[in-house]
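Student: First, the structure itself, so that you have it in front of you.
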Amino acid sequence: MSFLALERLEKRYPDGFHAVRGIDLAVERGEFIVLLGPSGCGKTTTLRMVAGLEEATAGTIRLDGGDVTRLRPSQRDVGMVFQFYALYPHLSVRANLLFPLENTGLAKMQREVRVDDIAAALGVTHLLERFPRQLPGGDQQRISLGRALVRQPRLWLMDEPLGTLDSDRREELREVIRAQQLQHGVTTLYVTHDQEEAMTLADRIVVMDQGVIRQAGTPSEVYESPADLFTAAFVGSPGMNRIDGLVTGGVCAPLGLPVALPDGPVVLGVRPEYLHPDDAGPLRGVVVMDEYLGAWRNLHLDCPCGRLVMRLPPGAAHRPGDAVGLRVDPAHVLCFAPGDGRRLA
Amino acid sequence: MSAALAIRGLTKRFGAVQALTGVDLDLAADELLVLLGPTGAGKTTLLRCIAGLEAPDAGSITLGGVDAVGLSPAQRDVALVFQNFSLYPDWTVGENIAFPLRAPGRAMGADAIRERVAWAARMLRLTDYLDRPASRLSGGQMQRVAIGRAIVRRPRLFLMDEPLTNLDAKLRESLRVELAVLRRELKTPMLYVTHDQAEALSMGDRVAVLDGGRILQQGEPRAVYERPVSPAVARLVGLPRINLLPAEDAGGGWTAGGVAIVPRAAGDPAGRCLLGIRPEDLRLAGGSAPAEVQLVEHLGAALLVTLRWAGMQVQALVGKDAAVRRGDTVHPAADPGRTHRWSAAD
């Protein structure tokens, strides 16, 4: 049996807004799950229901074999990690870090060890006797994350904990979170709208949109084999290209590829790295922008089939207005249904 | 043609904090210059000095060849777009965009205003939303309206202060391209402030890297990325971040942690150096010293491999087809021509 199970979990607000529409999710002990989706997709509401901060209007939440759906937050033994924790200005860094461990039943010795461990992981050991106001913002942020991670409850629930930090600090603290999670094996649900963050942190990504789960899978499953057009477009930077196609007698225009689908319209999906410049290729486009990104560049093209993006080595730049021919890797073309966007092949 | 903006020796202090020190900056008439720096670098202060919202302690600001230091914000004719877009929520998109044209002293006719608003909406793909109240827009649409309010005036210069920072990552990625293409069509110069290095590389005709109130380097994105003048610039530009290894001259070659990394080249510093290797320039085979693979992360189009090498943790960005797993032993190698060497004192 899974460690955490959401069964037909639902949240409908009094004003009628159906934030979460009956989702099912099974999480194994020690898994790092990222709930990924755009604003309003229901990811934060789901997290808050697991925390007990929102009441589920239907469905069940099981944690470690027990039904916790109606338990108060304090009875669930879960730790919620928000974006910024206020530190107590009148307490030393050590006392701030010790604070969440009070009333946990841990012996004083164990509490001290936990504080020393987390301080070492965050590189703030030399600051333990200082006071928050004496420290620069970066150290305060590290310590506030430490306060969230010093306790090891049954679940860590994280709601965009790195929200608006600079990329430098984000990356650093992301590594701390992942290392702490691996070291202590605390089962974790992590909410973000940032697909790159999801790809680097997750054992499994749960893609949500409009209150439903679109797909749950490992980062590479979700990226290489998306279950629908929403996931295909949302995961990846930039997302998967979509090309409107038409199947006639087992051949798909405009790429001229054989497909095992009945005649009719289809949406083809191709990742930017599976498009290649080729003057003899089946597609032609005009350069809108050559977007240099250092290690690679994204070439944005206007084609008869719409806007396409090709990922290329940094090499020589294209100029706006240049004409470019393209071909695709046939092995990496996916087919989706035009109506509901579900994956066909 | 005179530069759209020329700044010389700009200095600003707030009490004990030296916010800007001797900043020199030029913006050509048809250019998008990105000012890149971490929080607290002085980016916003510089922008506010240009807009006339802050008076510099020393230095000059010239707009289109005219000394701007004595001019009021309105006289400078620059349009400022902030991170926090403040629209009138009950007004329609059209009314919000038209607002700057209705300012007293502008005396624009109703037809002229309507025409200008329609043009701005077309540029920003907001035509279908002109009659919708601002409160019923998505975050990305709201930011487009805020940008519409800036372009509708046809100012001589755009100043953008992290306009995309509060939006979802996915939206930021598409809007940065939209905004750069729009600016090219408008042919109006733009100074764009951000802490996001991808935005800087992607959007800028040129990038100026600011830290601690000083410009560390300015140049085309490729030049700044490929030839960073200091380890500080190399760290601020490029994600995944550059590997920096303290190295020693072992008679003809640079070694780090006892491992030979690359041969010496003409112009290298003497004795010790800081060696920079971009993750995409580190191959996983061909080197002499072994490294242990600690982590393999799937970034979508590529794999990011974390290695223990030469006693240090380094990262390599490799293709998805690379057969590499956690626990493997590999022999990393770097192309000497693609490494960076700075004297240890930098």
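Please treat every number below as a calculation from the coordinates, not as lab data. Every value quoted in this text rests on a predicted model; they were computed, and no experiment measured them. Backbone-built Cβ (ideal geometry, glycine too); neighbour counts: all protein chains shown.
Student: Over all residues in B:163-171, what is the mean tally of Cβ atoms on other chains that come within 10 Å of each residue's Cβ?
Tutor: 4
Student: Now, a different point. Between 0 and 90 degrees, rounded to the nearest ten: what's the tilt of helix B:110-123 against the longest Cα principal axis of chain B?
Tutor: 20 degrees
Student: Which of these, A:VAL186, A:VAL81, A:VAL287, has the largest mean-square fluctuation under a Gaussian network model of chain A (Cα springs below 10 Å)?
Tutor: A:VAL287
Student: With equal scatterers on the alpha carbons only and no solvent term, can you work out the Debye log10 of I(q)/I(0) for the protein assembly as shown at 0.07 1/Å?
Tutor: Reported log10 I(q)/I(0), two decimals: -0.55.
Student: With angles folded into 0 to 90 degrees, how steeply does helix B:169-186 sit against the dominant principal axis of chain B? Use alpha carbons for both and round to 10.
Tutor: 60 degrees
Student: Still on this structure: Of all DSSP beta bridges located in chain A, what percent are antiparallel, nearest 5? Walk me through the numbers on the way to the answer.
Tutor: Values: 56 of 74 bridges.
Once the DSSP bridges in chain A are tallied, antiparallel ones form about 75 percent.
Student: Counting other C-beta atoms within 10 Å, and keeping those with at most 10, which DSSP coil GluC sites (Glu not before Pro) do you find in the stretch A:1-76? Numbers along the way, then the final one.
Tutor: Values: sites: A:GLU7, A:GLU10, A:GLU28, A:GLU31, A:GLU54, A:GLU55; in loops: A:GLU28, A:GLU31, A:GLU54, A:GLU55.
Filter output for the stretch A:1-76: A:GLU55.
Student: Let me ask something else about it. Rounded to the nearest whole Å³, what is the per residue volume of the convex hull around the Cα atoms of the stretch B:218-269? Intermediate results must be reported in sequence, preceding the final value.
Tutor: Values: hull volume 5.2 nm³, N = 52.
Value for the stretch B:218-269: 100 Å³ per residue.
Student: What is the pair-distance distribution P(r) of the stretch A:4-86, computed from all Cα-Cα distances in 10 Å bins starting at 0, with each bin given as a whole percent?
Tutor: 17, 52, 29, 3
Student: Less than 10 Å Cβ to Cβ from B:ALA28, Lys/Arg counted +1 and Asp/Glu -1: what total charge do the surrounding residues give? Show your work: numbers first, answer last.
Tutor: Numbers: positive: B:ARG206; negative: B:ASP26, B:ASP30, B:GLU31, B:ASP205.
Taking every Cβ under 10 Å from that of B:ALA28, the sum is -3.
Student: Another question about this same structure. What area, in nm² and to one decimal, does the C-alpha convex hull of the stretch B:157-256 cast on average over all directions? Write out the running numbers ahead of the final one.
Tutor: Details: hull surface 32.5 nm².
Reported value for the Cα convex hull: 8.1 nm².
Student: Note the angle between two axes, namely the Cα long axis of helix B:139-151 and the longest principal axis of the Cα atoms of chain B, as a number of degrees from 0 to 90, rounded to the nearest 10.
Tutor: 60 degrees
Student: Given the options A:PRO153, A:PRO262, A:PRO238, which has the most mean-square fluctuation in a GNM of chain A, springs set between C-alpha atoms less than 10 angstrom apart?
Tutor: Evaluated over chain A, the most mobile residue of the options is A:PRO262.
Student: So for the pair A:GLU112, B:ARG283, with labels modelled 7 Å out along Cα→Cβ, what separation do we get in nm?
Tutor: It works out to 5.4 nm between the two label points.
Student: Oh, and also: Among all helices in chain A defined by DSSP H, which have a length of 20 Å or more along the axis from Cα atoms plus a Kyte-Doolittle mean of at least -1.0?
Tutor: Numbers: long enough: A:108-122 (21 Å, -0.19); A:167-184 (25 Å, -1.58).
Helix filter hits for chain A: A:108-122.
Student: Suppose R0 equals 30 Å. What FRET efficiency, 1/(1 + (r/R0)^6) with r the Cβ-Cβ distance, do B:TRP91 and B:ASN166 give to the nearest 0.05?
Tutor: On the way: r = 20 Å, r/R0 = 0.68.
After rounding, the FRET efficiency stands at 0.90.
Student: Which trypsin sites (Lys or Arg not before Pro) from the stretch B:102-161 combine a DSSP loop assignment with at most 12 other Cβ atoms within 10 Å? Spell out each step's value before the answer.
Tutor: On the way: sites: B:ARG102, B:ARG106, B:ARG114, B:ARG116, B:ARG122, B:ARG125, B:ARG136, B:ARG144, B:ARG149, B:ARG153, B:ARG156; in loops: B:ARG106, B:ARG125, B:ARG153, B:ARG156.
Qualifying residues, ordered by number: B:ARG106, B:ARG125.
Student: Take the Cα atoms of chain A, find their three principal axes, and give me the spread along each one in whole Å, biggest first.
Tutor: Sorted largest first, the three principal extents are 73, 48, 36 Å.
Student: Next question, about the same structure. Assuming R0 = 30 Å, what is the FRET efficiency of B:ASP26 and B:GLU226, from their Cβ-Cβ distance, to the nearest 0.05? Write down the numbers at each step before the final one.
Tutor: Working: r = 22 Å, r/R0 = 0.73.
The formula returns an efficiency of 0.85 here.
Student: Given contacts defined as C-alpha pairs under 8 Å and at least six residues apart, what's the relative contact order of chain B, whole-number percent? Don't skip to the end; give the middle numbers.
Tutor: Details: 700 pairs, mean separation 55.5, N = 346.
Worked out over chain B, it gives 16 percent.
Student: Between B:ALA150, B:ALA322, B:ALA198, find the one with the highest GNM mean-square fluctuation for chain B; connect C-alpha pairs within less than 10 Å.
Tutor: B:ALA322
Student: Would you tally the net charge around B:TRP91, using a Cβ to Cβ cut-off of less than 14 Å, leaving B:TRP91 out, and scoring K and R as +1, D and E as -1? Present the calculation step by step, with values, prior to reporting the outcome.
Tutor: Values: positive: B:ARG102, B:ARG132, B:ARG136, B:ARG149; negative: B:ASP90, B:GLU95, B:ASP131.
Every neighbour counted, the sum reads +1.
Student: Using Cα-only point scatterers and the Debye equation, what is log10 of I(q)/I(0) for the stretch B:201-346 at each q in 0.13, 0.17, 0.18, 0.19 Å⁻¹, rounded to two decimals?
Tutor: -0.61, -0.98, -1.07, -1.15
Student: Considering the zone a paramagnetic label at A:ASP15 would reach in this model (a point 7 Å from Cα along the Cα-to-Cβ line), which residues of the stretch A:35-71 have amide N under 14 Å from it?
Tutor: A:40
Student: So, in Å, what gap is there between the alpha-carbon centers of the stretch B:97-164 and the stretch A:139-178?
Tutor: The distance from the Cα centre of the stretch B:97-164 to that of the stretch A:139-178 comes to 39 Å.
Student: Given the DSSP H assignment, sum -39500 (n - 2.57) over each helix run of at least 4 residues in chain B and divide by its residue total; what's the result at 222 nm in deg cm²/dmol, nearest 500? Could you put the intermediate results ahead of the total?
Tutor: On the way: 9 runs with 83 residues, N = 346.
Mean residue ellipticity at 222 nm (helix-derived): -7000 deg cm²/dmol.
Student: For the stretch A:260-345, report the % of Cα-Cα distances exceeding 20 Å. Intermediate values should be presented prior to the final figure.
Tutor: Numbers: 1394 of 3655 pairs.
Across the stretch A:260-345, Cα pairs with separations above 20 Å total 38 percent.
Student: How many percent of Cα pairs in the stretch B:5-236 exceed 28 Å? Each step should come with its number before you reach the end.
Tutor: Details: 8391 of 26796 pairs.
In whole percent, the long-distance tail amounts to 31.
Student: Still on this structure, please answer the following. Rounded to the nearest Å, what's the spacing between the alpha carbon centres of the stretch A:233-304 and the stretch B:182-200? Just the number, please.
Tutor: First find each Cα centre; the distance between them is then 28 Å.
Student: Give me the extension gain from A:ARG327 to A:THR218: residue separation times 0.36 nm, minus the current Cα-Cα distance, reported in nm with one decimal. Display every interim value, and only then the final one.
Tutor: On the way: separation 109, 0.36 × 109 = 39.24 nm, distance 2.86 nm.
Length gained between A:ARG327 and A:THR218: 36.4 nm.
Student: Under a point spin-label approximation (7 Å from Cα along Cα-to-Cβ), what is the B:ALA344-A:GLU7 distance to one decimal in nm?
Tutor: Here the answer is 6.5 nm between the modelled labels.
Student: At R0 = 41 Å, how high is the FRET efficiency between B:ASP335 and A:HIS276 if r is their beta carbon distance? Nearest 0.05 is fine.
Tutor: Working: r = 24 Å, r/R0 = 0.58.
Efficiency computed from Cβ-Cβ geometry: 0.95.
Student: Let me ask something additional. In straight Cα distance, which lysines are under 19 Å from B:LYS43, not counting same-chain residues fewer than 8 positions off?
Tutor: Result set, ordered by chain and number: B:LYS12.
Student: 222 nm [θ] for chain A, helices only, -39500 (n - 2.57) per DSSP H run of 4+, per residue, to 500? Display every interim value, and only then the final one.
Tutor: Values: 9 runs with 84 residues, N = 345.
Helices in chain A give a 222 nm mean residue ellipticity of -7000 deg cm²/dmol.
Student: Along the Cα→Cβ direction, 7 angstrom out, place labels at B:SER60 and B:MET312. What is the inter-label distance in nm?
Tutor: Label at B:SER60, label at B:MET312, 4.4 nm between them.
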